[in-house]
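Quick note: the coordinates plus some simple rules give every number you see, no bench work behind them. Quick caveat, the model's predicted, so the values are computed rather than measured. All Cβ positions, even for glycine, are placed from backbone atoms using ideal geometry, and neighbour counts span all protein chains on display.
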Amino acid sequence: MSDIRYKFLDLKEVNAPWADGINAAIRRVAESGRYIGGEEVKRFEEALAASVGSGVRAVGVSNGLDALRLIFRAYIELGIMKPGDEVIVPANTYIASILAVTDNGLKPVFVEPRLDTLNLDTALIEHSISPRTRAILTVHLYGRVCYDTAMRAAADKYNLRIVEDNAQAIGAVYNKSIVTGALGDAAAFSFYPTKNIGAIGDAGAVTSHDPELLSAVKALANYGSDYRYHNIYRGLNCRLDPIQAAVLSYKLTYLAKECERRHKVAEVYERCIDNPLITKPLYTETGDMVWHQYVVMTPHRDELRDYLLKRGVETDVNYPTAPHRQPCMEEYSGLNLPITEKIAREVVSLPISACTSVDDAAEIARIINQFQK
Ligand SMILES: *Cc1c(COP(=O)(O)O)cnc(C)c1O
């Protein structure tokens, strides 16, 4: 493993260019005497909300899964959903999306993805709606917007909330006009260190246009307390750490640059990879994809990964097991989801982090083009 020339991801390397700003942020909090909530958290919430769009507000929380769990829990507390209700979910996602639904006693209804976008096939939504359906959980997987007029029409027709899992797509733009986090009724962000804007630990946020929903999320994340020593919900402790907030306020100022950097790497892969054994991801110039991952597909996945590793190229698989096939989801293991399972068998993520330059991408593409069965 010592002769890896192209690492998949090295978080130390990712954060090295930002060291001065990160250290200054940590120090500011350490010296402030304010270690829970306070100005740093408020400042980050305002910056995030401003980056998402006008009329949107943000509440910082502990991580992306908690952001999603709190959204559904808040809808339950507000009487908009109740345990046993159904939520339409993409079958092809990271399991955290599904855990947020099941954690609240809601029932995930798995819907197959499209093979071109790998995102939920919105044409199948209406077919999956029952009288108990209350929401659509849309996941902008790998950084690609999953939202369209069909999804909006189904939501409006059946009075469903649209909840965005925006863990992977911060900064992505639908239809050159609306930023992810402002498309649905509420959105969850993750700032897990490997995400496009990563904290130096766990962090997350909820965005919404709906002040009532945000107040419920904020209270639920703070023991269910709306004001001091007054608890309206049986809440949790899911607050955003001010150290992470301070680091994120700084890193968020580089969001546009980060999107542009990833796009440039993806553009090189798109232009240079040419191998009939490899299917490249759908490529667009519209800004609806922020390339959290650059995911190719091949029926010869293990051979390709082996071949690349021998030539110094590290890859990853996001994700090798579909959520409904995980041991903890046994009750859903019998579902017939062939597209999702094909994706789980065939996807390979190529390097696209800050460790990957455009020259690296060109060289990785050259190596991929020589891959044979
Ligand atoms: C990372 C991720 C989450 C969970 O975020 P955490 O901050 O790790 O809890 C949820 N959904 C998706 C799609 C993710 O990629």
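Summary table
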item	result
15 Å beta-carbon shell around PRO108, net charge (K/R +1, D/E -1)	-1
Gain on full stretching of the segment that runs from LYS257 to TYR223 - 0.36 nm per residue minus C-alpha separation	8.5 nm
Cα gyration tensor shape for the chain, rounded if a/c is under 1.5, else prolate or oblate	oblate
Gain upon complete extension [CYS272, ARG345; 0.36 nm per residue less C-alpha separation]	23.9 nm
Note, ³J(HN,Hα) from phi for segment 233-241, Karplus 6.51, -1.76, 1.60, rounded to Hz, x at Gly and Pro	10, 7, x, 10, 10, 10, 7, 7, 5
Cα lying deepest toward the dipole's positive end in the chain, options PRO281, LEU68, VAL296, charges on Cβ	LEU68
Simple Cβ-charge dipole of the chain, Lys/Arg +1 and Asp/Glu -1, about Cα centre, in debye nearest 20	340
Assigned charges on the beta-carbon of Lys, Arg, Asp, Glu; segment 83-152 dipole about Cα centre (debye)	100
Antiparallel DSSP beta bridges within the chain, percent to nearest 5	60
Listed residue (ILE200, LEU350, ILE95) projecting farthest to the positive dipole end of the chain, Cβ model	ILE200
Segment 213-328 shape via C-alpha gyration tensor axes, a/c threshold 1.5	prolate
Cα-Cα P(r), segment 254-317, percent of pairs per 5 Å interval	3, 15, 24, 24, 17, 10, 6, 1
Whole-Å distance, taken between Cα centres, linking segment 151-190 and segment 23-70	21
Long-range amide H partners of THR133 with built H, under 5 Å	GLU86
Helical contribution to [θ] at 222 nm, DSSP H n ≥ 4, -39,500 (n - 2.57), averaged over the chain, rounded to 500	-11000 deg cm²/dmol
Point-to-point label distance, THR321-LYS12, nm (Cα→Cβ direction, 7 Å offset)	3.1
Counting DSSP beta bridges with both ends in segment 150-219, the antiparallel % (nearest 5)	65
Relative contact order of the chain, pairs being alpha-carbon contacts under 8 Å that are 6 or more residues apart, as %	23
Directionally averaged shadow of segment 277-373, computed from the convex hull of its alpha-carbon atoms, nm²	7.8
Ordering of 130-142, 279-291 by burial proxy (mean other Cβ atoms within 10 Å per residue, highest first)	130-142, 279-291
Shape of segment 41-145, Cα gyration tensor, a/c cut at 1.5	oblate
Segment 176-186 - phi-based ³J(HN,Hα) in whole Hz, Karplus 6.51/-1.76/1.60, Gly and Pro as x	6, 9, 10, 7, 4, x, 10, 7, x, 8, 7
